[in-house]
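The values are calculated or read from the model by the stated rules, or taken from the named source; none is laboratory data. Remember, predicted model here, so these are calculated numbers, not experimental data. Ideal geometry is used to build each Cβ from the backbone, glycine not excepted, and the neighbour counts take in all protein chains shown.
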Amino acid sequence: MECMDEEGAPDRLELLREVIAQTCALVAPRHCPCGREGAWLCRSCAALLRADPQRVEACCDALQELTAARVREEERDGVLLPAGVDHTPLLPVLALGEYGGDLQRLILAWKNGGMLHLGTRIAPALAPAVAHLAGTAPVHLVPVPSQRSARLRRGEDHTAELVRAMERRGIGRALLLGARPTTAQDGQGARQRRTRQILLSGRGARIARRAAHPVVIVDDVVTTGSTLRGMHEALTAAGMSVLGAVVVASARLPADGGTSPARK
Ligand SMILES: [Zn+2]
């Protein structure tokens, strides 16, 4: 290796990084969660992260609020409303895609497979979704807390790391509130069972009350939305204004690409 002058330092650092990466690749070849070799994230999986965010709250059963019930059909403002119940989602939820295939493999590798570095690729991918909810206004980004057991098993809190990476990208201010999820108890009403209760620690609630900006909740995957509902309740109880939630993937996508009316 030839000697390098001062100006060569950044190149040298880059070279060193490549040497380390190549050496590591000899021991454990670089491969994408989808199985393709040669890169930590292949082009096709990187493209999944560039997808336009979609509204998915209509697919989240636990987020639906009963807004009206009609015994028989009714005409209102010239519109015939069928007999039945209307539901409106509690908050908007944006996802990059459906939880399946390569996107699912990517998320599992990130949260369970020791590939925490994928969070630095996921973070910028969520910027358009945050902008959709908040425009250019400053926001606090609040990660959904991991179960303590999951955190101990994995050795890290991947959603908290994701939010820190989003803050480094200037997407919002990370607000880590020390919330903890509690599991639903027997004997609770249907409403409580649909909500995964989340308790802000005393300190978390104090920080939330002092926070200057509205909040966007950040999570990896939404299924029924019960966790997001629990977060929404905990944050609004602490006096925060919640603009919505941003997730990497949703268990289900609306058939029409996110414009369907709320449904149960
Ligand atoms: Zn891939």
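From the list Ala47, Ala58, exactly one residue is surrounded by fewer than 17 Cβ atoms within 10 Å (Cβ to Cβ) and either modelled with pLDDT under 95 or of a type outside the set (D, E, K, R) (or both). Which is it?
Ala47
Can you tell me which residues in the stretch 204-234 are touching a Lys or Arg at 6+ places or on another chain (Cβ under 8 Å) and modelled with pLDDT of 95 or more?
Asp220
Which one of Arg196, Arg210 is within 18 Å of the chain's Cα centre (by Cα) and either in the same structural domain as Gly178 (by TED's automatic domain parsing) or of a type in the set (Phe, Trp, Tyr) (or both)?
Only one candidate passes the filter, namely Arg196.
Applying the selection to the stretch 154-193, what residues are in a helix (DSSP H, G or I), at pLDDT 75 or above and not hydrophobic (A, V, I, L, M, F, W, C)?
His158, Thr159, Glu161, Arg164, Glu167, Arg168
Could you please tell me which pairs satisfy a Cβ distance under 8 Å, a separation of 6+ or placement on different chains, a first residue in the stretch 31-60 that is closer than 17 Å to Arg121 by Cβ, and a second residue that is acidic (Asp, Glu)?
So the pair list comes out as His31/Glu37; Pro33/Asp102; Cys34/Asp102; Ser44/Asp102; Cys45/Asp102; Leu48/Asp102.
Quick one: what pairs do we get from the stretch 99-127, first residue more than 27 Å from Arg173 (Cβ to Cβ), second within 13 Å of the ligand (Cβ to nearest atom) and of a type in the set (Val, Ile, Thr), C-beta under 9 Å, 6+ apart or different chains?
Within 9 Å, the pairs are Tyr99/Ile107.
Hey, does the stretch 90-108 have a residue that's away from the ligand (no atom under 16 Å from the Cβ) and in contact with a Gly (Cβ under 6 Å, 6 or more places away or on another chain)?
Yes.
Condition first: over 16 Å from the mean Cα position of the chain (by Cα), within 14 Å of the ligand (Cβ to nearest atom) and either at positive phi or not polar (S, T, N, Q) (or both). Can you find one or more residues in the stretch 114-135 that meet it?
yes
Among the residues of the stretch 83-96, which ones are within 21 Å of Leu243 (Cβ to Cβ) and either within 12 Å of the chain's Cα centre (by Cα) or among the charged types (D, E, K, R) (or both)?
Val93, Leu94, Ala95, Leu96
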